[in-house]
1. Contact order normalised by length for segment A:1-89, with contacts defined as Cα pairs under 8 Å and 6 or more residues apart; what percent is it?
2. What net charge do the residues around B:Gly149 carry, taking every other residue with its C-beta under 14 Å from that of B:Gly149, with Lys and Arg at +1 and Asp and Glu at -1?
3. For chain A, build the charge dipole from Cβ charges (+1 Lys, Arg; -1 Asp, Glu) around the Cα centre, then report which of A:Ser214, A:Ile60, A:Ala228 sits farthest towards its positive end.
4. Within straight cross-link reach of B:Lys16, meaning Cα distance under 26 Å, which lysines are found once same-chain residues fewer than 8 apart are removed?
5. Dividing the alpha-carbon Rg of the protein assembly as shown by 2.2 N^0.38 Å yields what?
6. Within segment B:69-102, which residues have the backbone N less than 12 Å from the label spot 7 Å out from B:Leu236 along Cα→beta-carbon, could you tell me?
7. Could you work out the relative contact order of chain A, using alpha carbon pairs under 8 angstrom and six or more residues apart, expressed as a whole percent?
8. Among A:Gln12, A:Tyr88, A:Leu179, whose Cα lies farthest out toward the positive end of the dipole of the protein assembly as shown, if unit charges sit on the beta carbon of Lys, Arg (+1) and Asp, Glu (-1)?
Amino acid sequence: MNGESVVVQANQLSVYYGTTQVISDVNLNVASSKITAIIGPSGSGKSTLLRCFNRMNDLIPNFRMSGQVLFEGHDLYAPDVDPTTIRYQIGMVFQRPNPFPKSIFDNVAFGPRINGFRGDLQNLVEESLRRAALFDEVKDRLKSSALALSGGQQQRLCIARALAVSPRVILMDEPCSSLDPLATLAIEELMRELSEDYSIVIVTHNMQQAARVSDFTAFLMGDERRVAELIEFNETRQMFTNPADERTEAYITGRFG
Amino acid sequence: MEPGYQHFQRSMALRKWKGRMFHLICMLAILLVLLVLATLLYNIIEQGWHRINWDFLTGFPSRKPERAGIYGALIGSVYVISIASVTSFLLGVGAAVYLEEYATRGWFVKSVHINISNLAGVPSVVYGLLGLEIFARTLGLGDSLLAGGFTMGLLILPIVIIASEEALRAVPPSIREGAFALGASRWQTIWHLVLPQAFPSILTGVILAISRAIGEAAPLIVLGALAFVPFAPDGLLSQFTVLPIQIFSWISRPQAEFHEVAAAAIMVLLVVLLSMNAVAVLLRLKFQKRSDI
């Protein structure tokens, strides 16, 4: 990661649920305005790692971590940091589209409203929908229910919703896993466009997707105790053409996982 | 042919016969229930129908059955139920939100849950004793409407809490996650997303609870509600009676004419119950439509 500016940095990050360790000593840098993919077999702690970056794991009662996560150089887990102020700077898109049971407009407007936005809401909503490549499809029915949209449209709405609060980083937790190939393609194209302005971290178990969209790839894998470690972290091209670790090679060539 | 085929004994005729029998038994069960209900309604309407008129609705109890009316009891019932539903709604939803959205799961929440379920099964007379001690004596409300309404509110509180908790639990966690991920606080998430989603089901729970309370006489008798009230309550601290008490006092008289009056009062009670349910159902439909938008 030579000379890239780093936006999120994990140092010796370990995660425990109660007394069970799930992630061990991960060191990872998320480059600014790039797409970083986290890949690995099922149950290798990819989502858990991702959720450390916007403190969503705080909502799990027996979650505990050691190490550090820095966001633009500041410790995310410092005692005086309020998790809610983190979460609008580091947005998140979930595995299954989860639009609110409100109108399309109100879905996008929700974040700005609760965060005390005082500008031109109409304009912000339209701009966010445009950036999420959804505006043209929904511009005539902004007042109708978001639940009537197709799965792919719902997911782009969730992206628009995240964009509306002006995050600097967007975390995506397997954003295409419940979508068909065409909708997946649309989201992937959108991610490429968004990466010009936002830093994106995407968890995926689809290696082709990681290879297609990401600039950097992190490969996580559980050891014999099922504690996940970062096996390899490199530029995506490098990783997929000439992996340094034989376990990475075994995984990306489809020999397990 | 697959191995082991000969070990199956397939008797389709028997299986079909069993299926038909079960179907029949279930049908008989529902017919029996409907029959009981119809008989009940028929008896009441047959006895009470000719007693329903304007004087009956606006009159007060009397020693002469032909002059007896239910105005005082009707107004008393409406007051008590209104006070009870407002207090139990506020307390019940508050408690449910705390238990579901704030409290961390542990032995405390578990034991509170068990206790609430038990309270829902406590005989209503016991609530009457509780109300007598707390509201009538300690708070000095005496045998007033307020004491009666609060006691009824306590009686249905466990039902409201349980129903509200279930309603909150039915709101998908992904909705909460989506809100938190946008920087919403817990309060904003609950107020703007979770409660509006859960509200229709909460309202259903409150309807069920009210339907129970409106027929209760025992706790109010313990509290000291009167059986003979020749006036309508004129304020929250007024003495009162309610329809079930009035009905009970008429039925326990020897004259057949009073039984007719009681039957007519039961019809009024049923109408009050149904119209309160209807209001709640309409409210529910309205909120459901709004949250779908």
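1. Working: 125 pairs, mean separation 31.2, N = 89.
RCO, segment A:1-89: 35 percent.
2. Surrounding charge for B:Gly149 is -2.
3. Highest projection toward the positive end goes to A:Ile60.
4. Of all the lysines, none pass the test against B:Lys16 - Cα under 26 Å, at least 8 places apart if same chain.
5. The value comes to 1.33.
6. Within reach of a label on B:Leu236, which here means backbone N under 12 Å from a point 7 Å along Cα→Cβ, segment B:69-102 contributes B:83-84, B:86-87.
7. Once normalised by length, the contact order is 27 percent.
8. A:Leu179
Taken together, the values in this text are just the output of simple stated rules run on the coordinates, not laboratory data. A quick note: this is a predicted structure, and the numbers were derived from the prediction, not measured. FYI the Cβ positions are ideal-geometry reconstructions off the backbone, even for glycines, and counts take in every protein chain you see.
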